[in-house]
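Contents: one structure, followed by commentary.
The values are calculated or read from the model by the stated rules, or taken from the named source; none is laboratory data. Owing to the predicted nature of the structure, the values given are computational and were not obtained by experimental measurement. Cβ placement follows ideal geometry from the backbone for every residue including glycine, while neighbour counts extend to all protein chains displayed. We work out accessible area using only protein heavy atoms, side chains counted, and drop any ligands, DNA or RNA first. Shrake-Rupley method; radii C 1.70, N 1.55, O 1.52, S 1.80 Å.
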Amino acid sequence: MVRIRVLVVDDHRIFAESLAAALAAEPDVEVSAAGSGPAALRCLERAVAEGRRYDVLLVDADLGATASALQGNRPAIPVQDGNAEGLVDGISLVAGVRTGQPAVRTVVLAEKDDPRRAALALQAGACGWVAKDCSLSRLLTVIRGVLREETHLPPALLTGVLRELTAARKHRTESERLVESLTPREREVLRCMVAGLGRKAVAERLFLSPHTVRTHMQNVLGKLGVHSTLAAVALARRAGVGPVDLTGDVVERGGQLA
């Protein structure tokens, strides 16, 4: 018998352990539970090291609900940004797992239907969005379905999710157009801003004076039509602009971006 390895990730321990026990009653399902995003990542890494990868990740939509990442329209943060207390939101965990272990299928478990967050979950790489009060048989259907490359959404959410995805695509197109209006140097400064670097750090990295960096940053904000660094970073992420590689070499003086 081929066994399905499932990892339940929920910071409500009673719920996580109860769901794990219910799923484990199935003869073809093997289940573990984790109480935070970092704990889930450790479980996934350990499983890979032992040659026993997980097949499906069930992630609480409200994981780390006190994290600020769950508020507003800010894009999901990288999972490595979560701190030692496990403040990594569920959608960010989905995105991190998709990048690190793309073979793992993720399903988000939610207290309530939310088209916007369901759309974010799908964009992050989730294969399904399921209500926590659904039946066990329904959840098992979803688990087995996502392993067949199916995507599962409650019918009541479908219209709202499609609307959100269409709007997101429109916003991305507009954001990409604005980013394309930047010069190569301004795009590099923007990538530094996405990485969270301040004016002094950007100046040191690009061998520029703080005054010059300030001018570049003002130009970036003006061309993007925003009034704060936070808004510029959000727009950049919508356009697919990633952070500058902080582990690599700095830009050389006199390079083509100067």
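Extension gain for Ser181 to Arg144 (0.36 nm times residue separation, less C-alpha to C-alpha distance): 8.7 nm. For segment 112-201, applying the loop criterion from DSSP together with a ceiling of 14 other beta carbons within 10 Å to the trypsin sites (Lys or Arg not before Pro) yields Lys112, Arg148. Phi angles of segment 207-224 translate, via the Karplus equation with coefficients 6.51, -1.76, 1.60 and θ = phi - 60°, into HN-Hα couplings of 6, 10, 7, x, 5, 5, 5, 4, 4, 4, 5, 5, 5, 4, 4, x, 5, 7 Hz per residue; Gly and Pro are given as x. Taking the average, over residues, of other Cβ atoms within 10 Å as the packing measure, peptides 230-243, 15-28 rank 230-243, 15-28 from highest down. The HN-Hα couplings worked out from phi for segment 95-112 by the Karplus form 6.51 cos²θ - 1.76 cosθ + 1.60 (θ = phi - 60°) are 5, x, 5, 4, 6, x, 9, x, 6, 6, 8, 10, 10, 8, 9, 10, 5, 9 Hz, whole numbers, x standing for Gly and Pro. When you filter the trypsin sites (Lys or Arg not before Pro) in segment 28-65 for DSSP loop state and at most 13 other Cβ atoms inside 10 Å of their Cβ, you are left with Arg52, Arg53.
Using packing as a proxy for protection, rank 96-102, 29-35 so that the peptide with the highest average count of other Cβ atoms within 10 Å comes first.
Details: 96-102: 17.3, 29-35: 19.9.
Result, highest mean first: 29-35, 96-102.
Residues whose amide H comes within less than 5 Å of that of His152, counting only those at least five positions distant or on another chain, are Gly128, Trp129 (H built at 1.01 Å from N in the peptide plane). Given their separation in residues at 0.36 nm each and the Cα-Cα distance between them, Leu165 and Gln218 gain 16.0 nm when the chain is fully extended. Remark on Arg105: its backbone amide H falls under 5 Å from those of Val56, Leu57, a criterion applied only to residues 5 or more positions apart or on other chains, H modelled at 1.01 Å from N. Of the GluC sites (Glu not before Pro) found in segment 122-201, those in coil by DSSP whose Cβ has at most 14 other Cβ atoms within 10 Å are Glu149, Glu150.
Can you give the local net charge around Arg105? Use residues other than it whose beta-carbon is closer than 9 angstrom to its beta-carbon, Lys and Arg +1, Asp and Glu -1.
Its environment carries a net charge of -2.
Rolled with a 1.4 Å probe across the full set of protein chains, the surface gives Leu122 an accessible area near 40 Å².
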